[in-house]
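The values are calculated or read from the model by the stated rules, or taken from the named source; none is laboratory data. Note that the structure is predicted; figures quoted are calculated from it, not measured. We place every Cβ from the backbone using ideal geometry, glycine too, and count neighbours over all the protein chains shown. For accessibility, only protein heavy atoms count, side chains too; no ligands or nucleic acids. Shrake-Rupley method; radii C 1.70, N 1.55, O 1.52, S 1.80 Å.
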Amino acid sequence: MTQNLSDPWSATRRGIRRSMREHVDANSDAVVATVVRVEGSGYRRPGARMVIKLDGDSRGAVTAGCLEDSVVEAARQTIVDGRARVHTYDLRDDDADVWGLGLGCNGVVDILVEPLDASFTAALDALNAKRPVTVLTAVSSRDPAIDIGDRTVLGPDTATTARAPLPDAVTESVRSRLTDAGDGVAVTVDIETAGGDVRVFANHLTPTPDVLLFGSQADVNPVASLAARAGFRVRVATARGARADAERFPAAANVRSTRPNDLDTLVEAPAHTYAVLMSHNFLDDRLALESLLDTDIPHIGVLGPRSRFRELHEAMDRPLDPADDARIAAPCGLDLGGDEPTAIGFSIVSELLAVHNDRDGGRLAEGSGPIHARPEIA
């Protein structure tokens, strides 16, 4: 059973990808709007997507909501003629006549609006199989041989496309300049060709992260619900003898019953999985922790005070090396205060988000520079 976790505007990356898959499989009239470039400040970063149907219904967001009507109108035009276009919105002007609002967002946003077609299949297939890919899409071209929307997918499976791929020379030029850009790259790269300049949007996509929650008590649900709202695929494992009814955990993608020392068998993609042990059973948590330490999971949270974990550690059959210590969080969660179930859930999920995004969870007001890192392209 799956809970309706959010309204369409606040859909997660996972929800957007599922919507894209549904439309591609159904060959329905829909488009994808993608933020491809932000100059200055913007509510969403490059790579943010929005799926729009012919009737104007949409899923996802590319701004704080101020431009959605304009983007929907642009989408209708693309649905009618099938052409991919880039629309530029200058939000720096405080004049109330700009888009009918006094926005003053201090940024210029380029949004690619394109048909939602089978050219997305290769990337969606790879992500579903827990394999990362990099999608290269032309977003501006003075080369008559290259159209806006031409696409190449760099990854294990690149054969499926409904549009022209980018020329090999362009692909290799972009690839060479992304070497040091990092895994989270979502940037435009300008390439010179014999036919004219081409701008390519390079978007590295990683699989939806899993959260594996080990426990069967009621406190699993706040963590599961908040994690799902934050974009994780939630999986719940209960110890043998405990109820594993899907109805008890409506936010979970699946619910399994297992022996604690077999918990590692439920880890499908270790590099993209985070676990939280919350069975409230000392022996079960110890066996589950030992099992997960045999995998390459990057983060294992353990519920309970430090004194409990010290006892758990002393009872373990294996010593902990520095690498184990680095990926175990005991007690898990960020220091947010509050002991209500939802507050504890926020604490745990906040830490999961920070770890997933390679952040320390500090206050934004105490930082300097842009909120989100901007990769440098050679």
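Conditions tested, residue by residue: (1) at pLDDT 95 or above; (2) of a type in the set (S, T, N, Q); (3) over 30 Å from ALA253 (Cα atoms); (4) open to solvent by 20 Å² or more (accessible area, probe 1.4 Å).
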residue: THR152; (1), (2), (3), (4): no, yes, yes, yes
residue: ARG175; (1), (2), (3), (4): no, no, yes, yes
residue: ALA181; (1), (2), (3), (4): no, no, yes, no
residue: VAL189; (1), (2), (3), (4): no, no, yes, no
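Limited to region 66-90, what total is found for residues that are within 17 Å of ASP55 (Cα to Cα) and outside any loop (DSSP other than H, G, I, E, B)?
14
Among the listed residues VAL98, VAL86, VAL108, which satisfies the condition of being at pLDDT 90 or above and either in contact with a strand residue (DSSP E or B) (Cβ under 9 Å, 6 or more places away or on another chain) or charged (D, E, K, R) (or both)?
The unique qualifying residue is VAL86.
Being under 29 Å from VAL185 (Cβ atoms), open to solvent by less than 40 Å² (accessible area, probe 1.4 Å) and in contact with a helix residue (DSSP H, G or I) (Cβ under 9 Å, 6 or more places away or on another chain): is that true of GLY60 here?
Yes, satisfied.
Sort out which residues of region 295-336 are within 26 Å of the chain's Cα centre (by Cα) and either of a type in the set (Phe, Trp, Tyr) or in a loop (DSSP other than H, G, I, E, B) (or both), and write them in order of number.
Once the filter is applied, which keeps residues that are within 26 Å of the chain's Cα centre (by Cα) and either of a type in the set (Phe, Trp, Tyr) or in a loop (DSSP other than H, G, I, E, B) (or both), region 295-336 yields THR295, ASP296, ILE297, PRO298, LEU303, ALA330, PRO331, CYS332, GLY333, LEU334, ASP335, LEU336.
For region 351-362, how many residues are surrounded by fewer than 18 Cβ atoms within 10 Å (Cβ to Cβ) and at pLDDT 95 or above?
1
Within the bounds of region 49-70, is there any residue that is out of contact with any Asp or Glu (no Cβ under 6 Å at 6 or more places or on another chain), closer than 14 Å to LEU205 by Cβ and modelled with pLDDT of 90 or more? Lay out the reasoning, then the answer.
So the first thing to find is which residues in region 49-70 are out of contact with any Asp or Glu (no Cβ under 6 Å at 6 or more places or on another chain), and the list is 49-53, 55-70.
Applying the additional criterion that residues be closer than 14 Å to LEU205 by Cβ yields 49.
Within this subset, residues satisfying the condition of being modelled with pLDDT of 90 or more are 49.
Yes, there is a match, as at least one residue in region 49-70 is out of contact with any Asp or Glu (no Cβ under 6 Å at 6 or more places or on another chain), closer than 14 Å to LEU205 by Cβ and modelled with pLDDT of 90 or more.
Scan region 294-331 for residues that are open to solvent by less than 70 Å² (accessible area, probe 1.4 Å) and of a type in the set (A, V, I, L, M) and jot them down.
Selection gives ILE297, ILE300, VAL302, LEU303, LEU312, ALA315, MET316, LEU320, ALA323, ILE328, ALA329, ALA330.
Using beta carbons and a limit of 9 Å, which pairs, at least six apart or on different chains, have the first residue in region 1-30 and modelled with pLDDT under 75 and the second one of a type in the set (Phe, Trp, Tyr)?
So the pair list comes out as MET1/PHE249.
Being assigned to a helix (DSSP H, G or I) and among the β-branched types (Val, Ile, Thr) is the filter here, so list the residues in region 252-265 that pass it.
THR265
Looking only at region 21-51, count every residue that is open to solvent by less than 10 Å² (accessible area, probe 1.4 Å) and within 19 Å of the chain's Cα centre (by Cα) and tell me the total.
8
Residue pairs, Cβ under 8 Å, 6 or more apart or interchain, first in region 335-346 and without any contact (Cβ under 8 Å) to a residue 60 or more places away in the chain, second in a loop (DSSP other than H, G, I, E, B). List them.
Note: pairs meeting the criteria are ALA343/LEU336; ALA343/GLY337.
Identify the single condition in (1) part of a loop (DSSP other than H, G, I, E, B); (2) open to solvent by 70 Å² or more (accessible area, probe 1.4 Å); (3) among the hydrophobic types (A, V, I, L, M, F, W, C) that ALA365 does not satisfy, given that it satisfies every other one.
(1)
Does VAL51 fit the bill of being part of a strand (DSSP E or B), more than 26 Å from LEU226 (Cβ to Cβ) and among the aliphatic types (A, V, I, L, M)?
Considered against the rule, which asks whether it is part of a strand (DSSP E or B), more than 26 Å from LEU226 (Cβ to Cβ) and among the aliphatic types (A, V, I, L, M), VAL51 comes out as no.
What are the residues in region 332-350 that are out of contact with any Asp or Glu (no Cβ under 6 Å at 6 or more places or on another chain) and surrounded by fewer than 17 Cβ atoms within 10 Å (Cβ to Cβ), if any?
Across region 332-350, the qualifying residues are ASP335, LEU336, GLY337, GLY338, ASP339, GLU340, THR342, ALA343.
For every residue, the table says whether it meets (1) outside any loop (DSSP other than H, G, I, E, B); (2) of a type in the set (Phe, Trp, Tyr); (3) open to solvent by 10 Å² or more (accessible area, probe 1.4 Å); (4) at positive phi.
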site: THR208; (1), (2), (3), (4): no, no, yes, no
site: VAL211; (1), (2), (3), (4): yes, no, no, no
site: GLN217; (1), (2), (3), (4): no, no, yes, no
site: PRO222; (1), (2), (3), (4): yes, no, yes, no
site: SER225; (1), (2), (3), (4): yes, no, yes, no
site: GLY231; (1), (2), (3), (4): no, no, yes, yes
site: PRO250; (1), (2), (3), (4): no, no, yes, no
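Would you please name the residue that is surrounded by the most Cβ atoms within 10 Å (Cβ to Cβ), looking only at residues in region 233-248 that are in a strand (DSSP E or B) and of a type in the set (Lys, Arg)?
By that ranking, first place goes to ARG235.
Among the residues of region 266-294, write down those that are under 24 Å from the mean Cα position of the chain (by Cα) and in a helix (DSSP H, G or I).
Across region 266-294, the qualifying residues are LEU266, PRO270, ALA271, HIS272, LEU292.
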